[in-house]
Structure formats: C-alpha cells, structure tokens
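The values are calculated or read from the model by the stated rules, or taken from the named source; none is laboratory data. Quick caveat, the model's predicted, so the values are computed rather than measured. So basically every Cβ, Gly included, is an ideal-geometry build from the backbone, and we count neighbours across all protein chains shown.
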Amino acid sequence: MSLEKIASRYEKLTVQFSEQRYNQMAGLSYDRGMMKKLSDQLIEVSLEFLGNFVEPRSMYLTSIATVADAEKLETELDLHDQRMEKISTEKYRIAGRRVNWGNWRQFNSGTDDYMKRKEVFDDFIAKAPDIAFLVEKRMGISEDVYEKYDLTPLDSYLEFEGIRYDELRDLLIRLGDGAKDTFLAAAAHFAPEVLGKKKMEYYDDYYTWRGHIYEPLNKYFEKIDALDEVKRFLVTFGFNPSKIMVDAEDREKKSPSAFCYGIQIPNDVRVCFRKVSPFADFGSVFHEFGHGIHGICANPDDPVWKRYVVPRSVAETFSILIESMLDTPLFLKQELKLSDRVINEIIDRRRFMELAFLTFYAANGIMKMEFWKKGYSIEEAAKRWQELTKRFFIEVPGNYWLLHHVMPSYDMYSPSYVIASIRVAAVRERLRQDYGEVWWKDSDAGNFVKGLAETRGEFDVKAWKLDAESYLKEARSLSFL
Ligand SMILES: [Zn+2]
C-alpha cells in the first residue's frame, strides 16, 4: 500500500472508531463488536505503516501508540472492572449503591463529614495493592511494544512535545516548588469554608477541592447561559462556532465531564456536555469550545497526519486559551457584566486551583517521567510519589497513585496541561501587545489564533518561550494573602 492509501485508510477507520467512542461517551447506543473490529483494523494499518515507512515521524510514533493501545485493551478492561469491584466499601452507600472507585468523587463532594471521607480514603488506599498487578501488566505491555522500536513511551512523549527530559523535569520542579507555599497558605484560608475544618490533610485531594471551591460563585452564573456566552465571544473574535455541533441534552449514561471530539477533521467536530453546576459549566464549555475551534480551523487539504496527529500540549493550548477568558477581569466585566467583587472572588478561586494543579501535576508528572527513565516497580513508584507529594504539597500515602484516574491507566501523566498553560500565558501576552487590552474584540487577533490553530500537527512547539517565573507570579497573586 502507498503512504497515501495507508493514511486515507487510517483516517476512515479513525473516523468510524471515534464516532462509536463518541456515542459511548455521550450515552447513546454504540456497537461494541464494531469497535473491536475497527480497533483490529487500526492495528493492521499501523503495522503496515511501521513495516514499510519511518516517515512522517508523527505517523510513525502514533502507529506505535495505536499498536500498544490495542494490545493493552483486555488488561485495561480488567483494570476498569476490578477497580470498581475491589476498591469498594459496604459501609457507605450513595444513591442506593455502595461506594466504590467509580462514585468516590461524588461521595467526597456530597459528604460534609470529613471523618467519613477520611475513613473511605484510608480503606481504599489499603485495598489499592489488590489491583497493582494489573497496573504492572499494562505498563509492561507498553514497554514491550515500544521496545520493539527502540523507544519508551517517555521518549515518544518528549519527542512530540519537543522538550528534553531534564528541561521538563526542571520546569515541573520549579513550578511545584514555586507554587507550594502560596498554595498551602491559601489552602489554610479556604479550609474552614470548603473542607469544614481548620486545615487541609492528606485525604483532602485535588478533586475534593475542585468539587467545592466554586460553590459560592454559582449564584452569579445561574442566569447566564455558558453556550450563548461562548458563542457570542467566538463570533466577536472572528470564528464561526456554528460549525461545531453541540449536544447539551441530559442522558442517563452520558459522561459527567464535558468533552470535544474531532470525528472528521475539520468537518465533523462535536462538543458534548451535561449541566453539572453553573460556574463549573462555564469553565468546561469554554474549554471544550477551544478544542472545537482548533478542530474546525484545520485545512481539509492537509495530509491526514497533519490534521489528526497533534501533540497533547498543542491541543490543550487552544482549549486553555479560550477557557482563560474566565481569568480575564476585563472580559468578565464587559461581557458577563459581573461586579468587581465577584470578579475578584472568581480570580482568587481559579488561581487557587491553578496552584493546586501546579503542585499536584509536579508530583504526578515527575513520578511518571522517572517511572520510565528509572524503570520503577509499582512499589518504588508509590514510594517515590509519596516523597514528591511531601516535597510539593502535603505527604500523601504513595498507593494513592494506583487509584488516580490517569496515572495508572495511561503511559504518561501529561505535563502537557502545564506546558500548554504556560504557552497560553505567552500567547495572551502577544495578543495584548499586538491587539490591545480588549484583543478578543479584534478579528485580526482572531485571525492570528486561527493561523496557529490551522498548523495542527505542525504547530511549532518551540516557538513560545515557557516562562515559569512570570506565570508563577500571576498564579501566586491572591487578594487575601
Ligand atoms: Zn482539554
């Protein structure tokens, strides 16, 4: 098969597979048998490519990932099931069901008695080793597949992101260390209101904070509609958001977190979301529409790999840029008509979560990088993760990493969000300098962003300087400290 034939077959299969995946996540009916068949065909086409070509490099790396994913499928399904089964307790129930790994976060956000949260946390941590063998197995499969091509999942990740191991590790350390003290001081400020106690402890995880911190803001967002506002903003900015399909219906099996799928890029891009709470909905709708415009801006004449194979930090650059409007006082004032007091409250709370994110991502990102570099066992990984949490925020039992929703189920924990956030700060600075304080009302600024979005897989990952210091300076400015 020629490269063009392989690429067009890859696109055809990817489109069909994404459509099924989309349906599954959107709570619509989907065909499991068909997904399995398509995934087998995707392996075939990836192996065909790997057997005959080494270029384009992005297609080469993504083909390895496709093969590794397919080979892990069974183990990951087992991990999914056993985690629900073994990480559970009969002692507490939520909506008539026992508390388990799947509804743990719901339990945490619905339980005001922190001693109960602590009890479940300790119980689940003690049970975590029961699923360790499956995590070990899925990591081992990845390692073996990449080894055939003389790579590790880490090598591939770093190559996509255009960053060296030491550079990324140093960046994460600098951000984690730089965020720590302000994060802990702010956590002490918010603890009585958000956690119902004097100080934060090891079982008050990132998601517990995120589930509660925005509650006082909801009343200001009840009467404005996130979808209307994001569309209005994008039109002023020079985009055509009507090209993005939206599914905002409530369905029982629909994923609670919003997502965007570029099914056929750029012609079939969909945002799917479910109302959760007014302020959080604004964040997720703005974020997902950022992915949406990134998808619709692709050039349909570009080759398959350029349109589809995009480094994670590049994808998140556009979503975080659009979401960052909620961190922009002038936007909140002029467009959402909010008072200075409310704006101040929004900025403080979002910055606090930014600091929480930096400390948590520093520990998670560094552990996963070292995992591949140093070949940690599952126990060594737990020990190391515990040390890192102590360094960057508060010491957490190491086996928590096995219960996280990303760390044990993906090869890498993507520091891509961190890279993207700092890159967005640089992009915003450029927009401000070239188009003024209210740059989002200038369609030339919109065209500039469109141009960046169109580059897709050829986005210049090294073009924007990652300036940790000025990024930290902003994140650390909280009005009450
Ligand atoms: Zn995203």
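Assessment of segment 378-389 against the conditions (hydrophobic (A, V, I, L, M, F, W, C), touching a residue at least 24 places away in the same chain (Cβ under 8 Å) and buried (at least 17 other Cβ atoms within 10 Å of the Cβ)) yields at least one matching residue. Per this entry, SER255 is counted among residues that are in a loop (DSSP other than H, G, I, E, B), within 20 Å of the chain's Cα centre (by Cα) and more than 11 Å from the ligand (Cβ to nearest atom).
Within segment 337-364, the set of residues being among the basic types (Lys, Arg) and in contact with a Lys or Arg (Cβ under 9 Å, 6 or more places away or on another chain) comprises ARG351 only. Being under 27 Å from PRO129 (Cα atoms), at pLDDT 95 or above, away from the ligand (no atom under 16 Å from the Cβ) and not in a helix (DSSP H, G or I) holds for only one residue in GLU370, GLU387, GLU395, and it is GLU395. Scanning segment 227-245 for residues that are away from the ligand (no atom under 16 Å from the Cβ) and surrounded by 15 or more Cβ atoms within 10 Å (Cβ to Cβ) yields a count of 11.
Checking every residue in segment 413-436 against the condition of being of a type in the set (A, V, I, L, M), surrounded by fewer than 22 Cβ atoms within 10 Å (Cβ to Cβ), outside the structural domain of GLU147 (by TED's automatic domain parsing) and assigned to a loop (DSSP other than H, G, I, E, B) gives zero matches.
Out of segment 258-270, which residues are out of contact with any Phe, Trp or Tyr (no Cβ under 6 Å at 6 or more places or on another chain) and either among the acidic types (Asp, Glu) or within 15 Å of the ligand (Cβ to nearest atom) (or both)? If the condition is that a residue be out of contact with any Phe, Trp or Tyr (no Cβ under 6 Å at 6 or more places or on another chain) and either among the acidic types (Asp, Glu) or within 15 Å of the ligand (Cβ to nearest atom) (or both), then PHE259, CYS260, GLY262, ASP268, VAL269 are the ones that fit. Do you know which residues across segment 437-462 are surrounded by fewer than 18 Cβ atoms within 10 Å (Cβ to Cβ), over 25 Å from the mean Cα position of the chain (by Cα) and of a type in the set (Gly, Ala, Ser)? Hit for segment 437-462 is SER443, nothing else. Restricting PRO216, PRO241 to residues that are within 30 Å of GLY295 (Cβ to Cβ) and in contact with a Lys or Arg (Cβ under 9 Å, 6 or more places away or on another chain) narrows the list to PRO241.
Does VAL67 satisfy the condition of being under 21 Å from LYS137 (Cα atoms), of a type outside the set (Ser, Thr, Tyr) and in contact with a helix residue (DSSP H, G or I) (Cβ under 8 Å, 6 or more places away or on another chain)? Here the answer is yes, as VAL67 does meet what is asked.
In summary, PHE289 fulfils each of the numbered conditions (1) over 30 Å from GLU454 (Cβ atoms); (2) within 17 Å of the chain's Cα centre (by Cα); (3) not aliphatic (A, V, I, L, M) with the single exception of condition (1). Is it true that GLY102 is under 25 Å from TYR261 (Cα atoms) and assigned to a helix (DSSP H, G or I)? Against the criterion (under 25 Å from TYR261 (Cα atoms) and assigned to a helix (DSSP H, G or I)), GLY102 qualifies. Of all the listed residues (ILE293, ILE265), the sole one being touching a strand residue (DSSP E or B) at 6+ places or on another chain (Cβ under 8 Å), crowded, with 22+ Cβ neighbours inside 10 Å and in the same structural domain as MET353 (by TED's automatic domain parsing) is ILE293. Among the residues of segment 297-334, just one is touching a Ser or Thr at 6+ places or on another chain (Cβ under 7 Å), within 12 Å of the ligand (Cβ to nearest atom) and among the β-branched types (Val, Ile, Thr), namely ILE320. Of all residues in segment 9-35, those that are touching a residue at least 12 places away in the same chain (Cβ under 8 Å) and loosely packed, with under 15 Cβ neighbours inside 10 Å total 1.
Does PHE121 meet the test of being of a type outside the set (Gly, Ala, Ser), touching a helix residue (DSSP H, G or I) at 6+ places or on another chain (Cβ under 9 Å), surrounded by 16 or more Cβ atoms within 10 Å (Cβ to Cβ) and not assigned by TED's automatic domain parsing to the domain that holds ARG350? It is true that PHE121 is of a type outside the set (Gly, Ala, Ser), touching a helix residue (DSSP H, G or I) at 6+ places or on another chain (Cβ under 9 Å), surrounded by 16 or more Cβ atoms within 10 Å (Cβ to Cβ) and not assigned by TED's automatic domain parsing to the domain that holds ARG350.
One line per residue, one yes/no per condition, for (1) of a type outside the set (Val, Ile, Thr); (2) surrounded by fewer than 17 Cβ atoms within 10 Å (Cβ to Cβ); (3) not in a helix (DSSP H, G or I):
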position	(1), (2), (3)
MET59	yes, no, no
THR75	no, no, no
ASP78	yes, yes, no
GLU90	yes, yes, yes
